[in-house]
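Data first, discussion second: the structure below is written as structure tokens.
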């Protein structure tokens, strides 16, 4: 039987159940096998009734003697069942489950899992799970073993999921996806055994073997997909190789010397690597990571300048208009005073369509560049800022419109090593791990509710005496990457409140639904100190840059991942004045308080990202609530040992010139991953 057939072919299954499975993302039999348990109940101890011990979790195989309902003093209806085996009798009890009277009929044979407890002077057995038997020797599915528990949706129980998976395992033949030599070297069980043991483990040792095998396969496929993409890209060549002659060296040196600041050693190192990349015949495909304010833009400008000196154009794309405008202004300023200056233009969705005859060397814009009648095939380089904010469709359009350009992507999101080895392993990575000279570390505080008013009074004094400017960040109300009317109303409510709290100061509001002109006017006024306090939704944080801002308030701080909070915090402290970041939350949950306390004590972005990766998953790193962004269902991106093991296996596969077409199931998985590879970074 074919594992890829639709789930609708499950026999004896109601359409309602089918629809519930589809809602869980289960469309085929294979999807059902890949719907792994979230945990297990250990019902493996099968005990005679006479040997049950108090508070012991166990399974008994018994016959029902009698059944009745008893009303307790607290008003609960307790179902009581006298059951027995060859060793003795016991009362099994359940609460407010009257339907059990139709199942636990006198004479019925049952396997019951639960806990033996002492009530009054006698033992009772509290029912947790059960199943009806034909004989007491019958093998069990839901009791008497390690029983899988699945993430459920309303109306679809783990028991139903178990039964459907059991049927699929009994009917289909699972094709092996890994080469035998890789399985043998890494001591992996075959995939048929892995699926059987992950869903119906014989014991914990066999369960661990199944988890190791399936986790290995997930990471191997992910890294192999990436390695094959990288290998394919390395076989490409650029149309016009970059030449770096002495004249170019002198002009680049002139550009660097004219900068209003000195490059940090990390910036210099990143530039040297990128310069080397640009000199090769193979197109560059590099990710440049650095905290907000670390100076990624000037490194990108250097790359664009070298391309310009070779008569090649560069497109720089930002995820929002406000960030594109910021890049345009910043990069134009960087080239002031240069002996040879490129022509730089801005093109965003709100501007008129670009005229074909306009000449330029560097074009800066949003993803609107992809929809313009712009021939990117003639470009030598493309720079994408905050790559994960571009959608799959936009990246596909970029691929269609370009012809082997040098590609530099930039992100302020810290990339833990395990993420770099998996989700980003097709990219070369450079990290700018130091801030510009003269920056003072930001002081951060988690403000208790009792001190909110005192905080407002302190801010009033800072604005009055030191002319401080303040960012107030409001979170998205819903778990979404799109600003909704509810989220905007929440920001507007905060804006109205702060106007009352700070009546003597100019308070303004900015959010994603405002027009580009309104946002630009507001930001210009803020930069020019015409605004004292700027209330903003979190979605515009990527483009908000005001060097004079020294105070940030983050409302609903518990709604953000630590990497997000770190990026927000990086919007202040852009000068030599002491800056402050205040986290406000009304949630007193201990884990949330611990997480936010960890943030205020740490300024290392990578450490914060590692913390959230370990505790909350990859979704938090990229500002999204949907976990599973990595596409991994059982493997962990925190398991460095497993990641390095699968990396060596991938290197073996590549160096031994093993052909993927020899492994149909592997090819099927690789094709699926590569088809949506970029979506794993969205």
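The values are calculated or read from the model by the stated rules, or taken from the named source; none is laboratory data. Being a predicted model, the structure only gives us computed values, none of them experimental. No Cβ is skipped: glycine too gets one built from the backbone with ideal geometry, and neighbour counts run over all protein chains shown.
List of remarks:
- Subset tally (residues that are touching a residue at least 40 places away in the same chain (Cβ under 8 Å) and in a helix (DSSP H, G or I)) for the stretch 1-56: 9
- Residues of the stretch 155-187 that are touching a residue at least 60 places away in the same chain (Cβ under 8 Å), more than 30 Å from residue 661 (Cα to Cα) and assigned to a loop (DSSP other than H, G, I, E, B): 155 alone.
- Note on the stretch 626-659: residues that are at pLDDT below 90, surrounded by 15 or more Cβ atoms within 10 Å (Cβ to Cβ) and assigned to a helix (DSSP H, G or I) total 0.
Yes/no matrix, rows are residues, columns are (1) under 30 Å from residue 146 (Cβ atoms); (2) out of contact with any strand residue (DSSP E or B) (no Cβ under 7 Å at 6 or more places or on another chain); (3) free of Cβ contacts under 8 Å to residues at least 60 places away in the same chain; (4) surrounded by fewer than 21 Cβ atoms within 10 Å (Cβ to Cβ):
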| site | (1), (2), (3), (4) |
| --- | --- |
| 192 | yes, yes, yes, yes |
| 227 | no, yes, no, yes |
| 233 | no, no, no, yes |
| 241 | no, yes, yes, yes |
| 255 | no, yes, no, no |
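- Within the span defined as the stretch 440-448, every residue fails to be without any contact (Cβ under 8 Å) to a residue 40 or more places away in the chain, part of a helix (DSSP H, G or I) and surrounded by fewer than 17 Cβ atoms within 10 Å (Cβ to Cβ).
- Unique residue being farther than 21 Å from residue 279 by Cβ, modelled with pLDDT under 90 and not in a helix (DSSP H, G or I) when the list is 374, 323, 346, 370: 374
- Among all positions in the stretch 95-114, there is at least one residue which is surrounded by fewer than 14 Cβ atoms within 10 Å (Cβ to Cβ) and part of a strand (DSSP E or B).
- Any hit, the stretch 569-591, residues being at pLDDT below 90, more than 30 Å from residue 261 (Cα to Cα) and surrounded by 14 or more Cβ atoms within 10 Å (Cβ to Cβ): no
- Just one residue in the set 491, 563, 468 is under 27 Å from residue 415 (Cα atoms) and either at pLDDT below 85 or buried (at least 19 other Cβ atoms within 10 Å of the Cβ) (or both); that residue is 563.
- Residue check for residue 166: closer than 28 Å to residue 131 by Cβ and surrounded by fewer than 16 Cβ atoms within 10 Å (Cβ to Cβ): yes
- Residue match in the stretch 505-528 (condition: out of contact with any helix residue (DSSP H, G or I) (no Cβ under 8 Å at 6 or more places or on another chain) and over 27 Å from residue 348 (Cα atoms)): yes
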